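Only one structure is covered here, and it is reproduced in the block below.
No value in this document is a laboratory result; all are computed from the given coordinates. Predicted, not measured: the structure shown is a model, and the values here were computed from it. Counting neighbours? That spans all protein chains shown, and the Cβs are built from the backbone with ideal geometry, glycine included.
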Amino acid sequence: VQLQASGGGLVQPGGSLRLSCAASGRIFSVSVMAWYRQAPGKRRELAATITSGGITNYADSVKGRFTISRDNAKNTVNLQMNSLKLEDTAVYYCYAAVNGYQYWGQGTQVTVSS
């Protein structure tokens, strides 16, 4: 099983980006999918999660600005990021619990800068 993330880039404060992540391989079940992020010099932190039933949870720092969604048929998870702030700059990692095991994507850089 592999997770392939895409969609990072450079954006000005107040701008938007959309991250996508696709799981591939021998997949029988996918439970929780999530996005984590790691800023320079900081620990990796949870940004948002979504269950297979569509229940979402957000870190306080992104609540109201980020929206996580998934397509269970395609085994994909997306993160729509609006009203981006300088402090959102980080490497973003997708996560998925697939077939009872934990998998991580390779990380995609999001840089918010004027």
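Considering segment 47-61 alone, what residues qualify as being among the small types (Gly, Ala, Ser), more than 13 Å from the chain's Cα centre (by Cα) and closer than 23 Å to Val11 by Cβ? First the steps, then the outcome.
Residues of segment 47-61 among the small types (Gly, Ala, Ser): 47-48, 52-54, 59, 61.
Checking the rest, the ones that are also more than 13 Å from the chain's Cα centre (by Cα) come to 52-54, 61.
Within segment 47-61, Ser61 is the sole residue that qualifies.
Every residue, every condition in (1) on the phi > 0 side of the Ramachandran plot; (2) more than 15 Å from the chain's Cα centre (by Cα); (3) surrounded by fewer than 14 Cβ atoms within 10 Å (Cβ to Cβ); (4) assigned to a loop (DSSP other than H, G, I, E, B), yes or no:
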{"position": "Ala5", "(1), (2), (3), (4)": "no, no, no, no"}
{"position": "Trp35", "(1), (2), (3), (4)": "no, no, no, no"}
{"position": "Lys63", "(1), (2), (3), (4)": "no, no, yes, yes"}
{"position": "Thr67", "(1), (2), (3), (4)": "no, no, no, no"}
{"position": "Leu84", "(1), (2), (3), (4)": "no, no, no, yes"}
{"position": "Gln102", "(1), (2), (3), (4)": "no, no, yes, no"}
{"position": "Thr111", "(1), (2), (3), (4)": "no, no, no, no"}
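Got at least one residue in segment 11-21 being among the β-branched types (Val, Ile, Thr), closer than 15 Å to Val110 by Cα and buried (at least 16 other Cβ atoms within 10 Å of the Cβ)? Working first, answer last.
Filtering segment 11-21 down to residues among the β-branched types (Val, Ile, Thr) leaves 11.
Imposing the further condition that a residue be closer than 15 Å to Val110 by Cα reduces the set to 11.
Within this subset, residues satisfying the condition of being buried (at least 16 other Cβ atoms within 10 Å of the Cβ) are 11.
Yes, segment 11-21 contains at least one residue that is among the β-branched types (Val, Ile, Thr), closer than 15 Å to Val110 by Cα and buried (at least 16 other Cβ atoms within 10 Å of the Cβ).
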